[in-house]
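Undergrad: Got a structure for you, questions after.
The values are calculated or read from the model by the stated rules, or taken from the named source; none is laboratory data. Note that this is a predicted model, so its numbers are computed, not measured. Cβ: placed from backbone, ideal geometry, glycine included. Neighbour counts: every protein chain shown. Accessible surface is based on the protein model in full, side chains and every heavy atom, while ligands, DNA and RNA are left aside. Shrake-Rupley method; radii C 1.70, N 1.55, O 1.52, S 1.80 Å.
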Amino acid sequence: MGQQESSSSMANGQFKVETVQRLVQTLLSPLQVYCAYTTEQGSNLQTLQLCVYHLLVTMQALYQHHIPALAQLRMPAVAAQSGQAGETHKSVEIFALRYQCWQRLREIEGQCIRLLPWAHMLNTMLTMMLDQVERLPESQQRQQALARSQSEKATALSRRAGHDLVMPMKDWLDVYTRQPVFLSILGQSGLAPDTLQHLDRDLISFLQVAINMLEETFPNVVEILPARKHVQALVLLQLLQRNDFLIMQAVSLQRALSLLRYQSVPVGKTE
C-alpha cells in the first residue's frame, strides 16, 4: 500500500519532499548489510542517504521551479533597426524583461552551485566504500553474502524505489528534449545561440546521468553485495565514475549559465 502511494505521489512529474526521503531510504536500505561489515554504526549509509536526498531535492527545485519560471518569460526579439529603439515605455518594458531574465538565470546558476557540495560528498563516501571493500577479507564477504541472501524483498523494493524516483525526471527529460528551454525562450533575444544550445544539451545530459545512476547503477551495487569483493569494487567504481560525470555536467551547466548571465545583464545593472 505504501509503495503504491509513493508511486502515485511521484506521478505527473511531482516530487514531494517526504516521498523522496522515504524512497531514498528504500533505495539504499539493502546497503545496511554492506555497511554493517564496512563502517562503524552505519554512518556511511546515513551520509549516503543524505547526499542522494539533497541532490534530488535540489534537482527538483531546478527543474520544477527555476527553469519553468524562466520559460514563463517572453523575451522580445532584437529590433531590426537600431532607430526603432523607440518609445520610453517600450524601453522600460524591455529593460524589465531583461532584468527578470537575468534574475532567473542567476537563480538557476545558484541551484547548480548548490548541487555540487552534495555530489562531491557522495564522491567522498563512494571512495571510502571502495577502499573498505579492498580491505575486507573474503571470510567476511561470505558472512555478508549469507545475511544478504535473506533480503531479497529489500532488493526488489530498492529497485522499485529507484524506478519511482526517476519517474518525474523522465517527464522533465521528455519536456526539455521536445522543447529546448534556453534556445526556445531566449533564441530571439540576441544572446549567443551556441551558448543557448550548450545549455540545453547540458540540461538534458545532467538528467540522463541522474536517471542512469538511480535506475541502473545503484540497483547494480545492491545486487552484487553477495559477490566477491573484486566484483563489488568494479560496480562501486562504476557508480563513482557516474557521479564524477554528474559533477562534470553540473560544473559545465554552471559555467555556461554564468557566461549567459553576463551576456544578458541589463544595461546599468552591476553585480
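Undergrad: Does Leu199 fit the bill of being open to solvent by less than 10 Å² (accessible area, probe 1.4 Å) and either modelled with pLDDT of 85 or more or within 28 Å of Leu55 (Cα to Cα) (or both)?
TA: It is true that Leu199 is open to solvent by less than 10 Å² (accessible area, probe 1.4 Å) and either modelled with pLDDT of 85 or more or within 28 Å of Leu55 (Cα to Cα) (or both).
Undergrad: Quick one: Thr47 ticks every box in (1) under 24 Å from Ile113 (Cα atoms); (2) at pLDDT below 85; (3) surrounded by fewer than 20 Cβ atoms within 10 Å (Cβ to Cβ) except a single one, so which number is it?
TA: (2)
Undergrad: Let me ask something else about it. Restricting attention to region 150-179, report how many residues are small (Gly, Ala, Ser) and open to solvent by 80 Å² or more (accessible area, probe 1.4 Å).
TA: 0
Undergrad: State whether the residues of region 172-187 include one that is of a type outside the set (A, V, I, L, M) and modelled with pLDDT under 85.
TA: Yes.
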